[in-house]
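Notes follow the structure.
The values are calculated or read from the model by the stated rules, or taken from the named source; none is laboratory data. Since this is a predicted model, take the numbers as computed values, not measurements. Cβ: placed from backbone, ideal geometry, glycine included. Neighbour counts: every protein chain shown.
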Amino acid sequence: MDIVTPELGLIFWQLVIFLLVLFLLAKFAWKPILLALRDREDSIDNALRMAEQAKLEMQNLKAGNEKLLADARHERDQMLKEGQNIANQLVEKAKTDATEEANRIAQQARESIQQEKNQALAEVRNTAAQLSVDIAERLLRRELADPAAQQKLVDEYLKDVKLN
Amino acid sequence: MKRLLTLFFCLCTFAGFAAEPTEGGEKEEAFNPGEMILHHIGDSHEWHWFSTDDNHFTSYLPIIAYRPGKGLSVFSSKKLAAEPHPAREESPSRKRAAGGSHSEGPEYDGLMLREGKLMTADGSKVYDLSITKNAVALLGSAVLMLVVFTSVAAGYKKNQGRAPKGIQSFFEPIIIFIRDEIAKKSIGPKYERYMPYLLTVFFFIWFNNLLGLTPGAANLTGNIAVTATLAIITLVITLFSANKNYWAHIFATPGVPKLLLPIMVPVELIGAFLVKPVSLTIRLFANITAGHIVILSFISLIFIFRSPAVAPISLAFGLFINVLELLVAILQAYIFTLLTAMYIGGAVEEHHHDEEHALDMQTGPAGSVIPNPAAH
């Protein structure tokens, strides 16, 4: 029954040596090992997290780029449309301006014709009046000389007038 | 010649030697396998390596004896060895070395060895603190562990931020397994404080189990003093980390009627202070010792039948058991460490009611739940 009886000496040495080993290993082996393992796991975790983040950022960037591109395209369309509008407006305006000018010139021409006509009429009226006065003068003079000749003269003048 | 044969067995764990049994078996009285085996798995004051026909190759180890009143005496165990070399003639020392019966070694300084036990000539009290074979093996394994694990630690310093290399990459998965599968799962969030002990106890048991399988080596983890000491250290750590829930569980077990407490308290106390450490002690001791006994028994068959024809069968079975022992070596280290972690886990557990457990199982993170059969 020797093997099931613990011996004092071995218990003593086991206690002393095991605790010494425990202390030394804890200090010089387990602590640095466990620390290094945790550090490495942390760094792997961090790296994975950062990769995930980078992926997300990349996606965001891509989405941003696409949005920018779409915006630019939209703006270009807008600008083209505006340009068209402005061009159309310009043509329209030119047309109306030209029409107006033409109308104005025609109006002016009409007015000046009217004026000339009025002037001419006034001149005719003046000439007719002058003539009438001349005739009347000559008539009057003739009457003083011979009535028959006078009559004859009136007739002559009237004939002249009609001829004019 | 019987003794010659039995001495020969020092090499018999080393199977190659057993294949050439000497012809001398029949000259002597019956070979006693029981004595031989017990000698091999036991401790002794000298380290017997092997013997030839003419010589013993034995290292005599220091005897350290403390006698109340007389103080400490230190001397070589050679002074107590019955008969020095050569060992040709029948000598008590050879008898003792060969299985240890009735040897009458000389007396020195009032001390003598009787059946491997240190005694005083006058029958007074003596404390034997000798560096026995197992103590030497213990020292050797301690040095081995220190060398191995400081070089592993050095690897982490050298390969900082890089992949592990060499010995470091061999031990890293094991260390991580102990941390993640044993400590984190059994102890919970406070596992870090107990990692050094768990790792040390695991590798101590594993290394010594393997060293114990080496031919000529001591059977350290198959010694009840060693396993008992480990179990007691586990018990002390458990008791010192125990929180009030643990004590409440022992002295006022929840859900137990007051009337039953006089029965329950002793049961819980026995469970915590006696059953757990004793089961740890015996499990490791018995597993390792049994393995050695089985291997030695197979080898003994050759000498019991006194026929070399048995050798191949013996060797085949011996080899099989030896390989099995390699598995048992790491398995027992794992079991001891796991149970230690579970006992500590039960002691540091924050909550201890069943309904809380059930709730936590559903909601808590996996690591926070402590599976602890020992606490219920």
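Only one of the numbered conditions (1) within 14 Å of chain B (Cβ to nearest Cβ); (2) within 32 Å of the chain's Cα centre (by Cα) is not met by A:ILE11, and that is (2).
Selection of first residues in segment B:255-281 that are farther than 29 Å from B:ALA228 by Cα and of second residues that are acidic (Asp, Glu) and modelled with pLDDT under 90, restricted to Cβ pairs under 9 Å at least 6 apart or on distinct chains, gives the following pairs, ordered by first then second residue: B:GLY255/B:ASP354.
When we screen B:GLY271, B:GLY216, B:GLY255 for residues that are touching a strand residue (DSSP E or B) at 6+ places or on another chain (Cβ under 6 Å), of a type outside the set (Val, Ile, Thr) and in the same structural domain as B:GLU325 (by TED's automatic domain parsing), the only hit is B:GLY216.
Could you list all residues from segment B:51-66 that are polar (S, T, N, Q), surrounded by fewer than 17 Cβ atoms within 10 Å (Cβ to Cβ) and closer than 22 Å to B:ALA135 by Cα? Before the answer, list the steps.
Step one: list which residues in segment B:51-66 are polar (S, T, N, Q), which gives B:51-52, B:55, B:58-59.
Right, trim to surrounded by fewer than 17 Cβ atoms within 10 Å (Cβ to Cβ) and you get B:52, B:55, B:59.
Once the filter is applied, which keeps residues that are polar (S, T, N, Q), surrounded by fewer than 17 Cβ atoms within 10 Å (Cβ to Cβ) and closer than 22 Å to B:ALA135 by Cα, segment B:51-66 yields only B:SER59.
Within segment A:113-123, the presence of at least one residue that is closer than 30 Å to A:VAL154 by Cα, among the acidic types (Asp, Glu) and surrounded by 10 or more Cβ atoms within 10 Å (Cβ to Cβ) is confirmed.
Screening B:GLY216 with (1) in contact (Cβ under 8 Å) with a residue 40 or more places away in the chain; (2) closer than 30 Å to A:PRO32 by Cβ; (3) away from every other protein chain (no Cβ under 11 Å) gives one miss only, at (2). The test for being more than 14 Å from chain A (Cβ to nearest Cβ), at pLDDT 85 or above and buried (at least 16 other Cβ atoms within 10 Å of the Cβ) does not hold for B:TYR156. The residue that is surrounded by the most Cβ atoms within 10 Å (Cβ to Cβ), among those in segment A:14-37 that are at the interface with chain B (Cβ under 7 Å from one of its Cβ atoms) and among the β-branched types (Val, Ile, Thr), is A:ILE33.
Could you check segment B:327-344 and list, in sequence order, the residues that are surrounded by fewer than 24 Cβ atoms within 10 Å (Cβ to Cβ) and either over 16 Å from the mean Cα position of the chain (by Cα) or over 13 Å from B:ARG283 (Cβ atoms) (or both)?
Looking only at segment B:327-344, we keep the residues that are surrounded by fewer than 24 Cβ atoms within 10 Å (Cβ to Cβ), and these are B:327-332, B:334-335, B:338-339, B:342.
Hits for segment B:327-344 are B:LEU327, B:ALA329, B:ILE330, B:LEU338, B:LEU339, B:MET342.
Out of A:ARG49, A:ARG40, one residue alone is surrounded by 18 or more Cβ atoms within 10 Å (Cβ to Cβ) and either more than 7 Å from chain B (Cβ to nearest Cβ) or not in a helix (DSSP H, G or I) (or both). It is A:ARG40.
So that you can scan it fast, the table gives a plain yes or no per residue for (1) more than 7 Å from chain A (Cβ to nearest Cβ); (2) within 22 Å of the chain's Cα centre (by Cα); (3) within 19 Å of A:ALA26 (Cα to Cα); (4) surrounded by fewer than 17 Cβ atoms within 10 Å (Cβ to Cβ):
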position: B:ASP122; (1), (2), (3), (4): yes, no, no, yes
position: B:ALA137; (1), (2), (3), (4): yes, yes, no, no
position: B:MET145; (1), (2), (3), (4): no, yes, yes, no
position: B:SER151; (1), (2), (3), (4): yes, no, yes, yes
position: B:ALA163; (1), (2), (3), (4): yes, no, no, yes
position: B:ILE167; (1), (2), (3), (4): yes, no, yes, yes
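Can you tell me which of (1) surrounded by fewer than 20 Cβ atoms within 10 Å (Cβ to Cβ); (2) aromatic (Phe, Trp, Tyr); (3) at pLDDT below 85 is the one B:PHE75 doesn't meet? Of the numbered conditions (1) surrounded by fewer than 20 Cβ atoms within 10 Å (Cβ to Cβ); (2) aromatic (Phe, Trp, Tyr); (3) at pLDDT below 85, the odd one out for B:PHE75 is (3). The one condition from (1) part of a loop (DSSP other than H, G, I, E, B); (2) at pLDDT 80 or above; (3) under 28 Å from the mean Cα position of the chain (by Cα) that B:GLY69 does not meet is (3). Just so you know, in segment B:79-115 the residues that are within 14 Å of another protein chain (Cβ to nearest Cβ) and either outside any loop (DSSP other than H, G, I, E, B) or modelled with pLDDT of 80 or more (or both) include one that is farthest from B:GLY69 (Cα to Cα), and it is B:ARG96.
The residues of segment B:305-325 that are over 19 Å from B:LEU211 (Cβ atoms) and of a type outside the set (Val, Ile, Thr), listed by number, are B:PHE305, B:ARG306, B:SER307, B:PRO308, B:ALA309, B:ALA311, B:PRO312, B:SER314, B:LEU315, B:ALA316, B:PHE317, B:PHE320.
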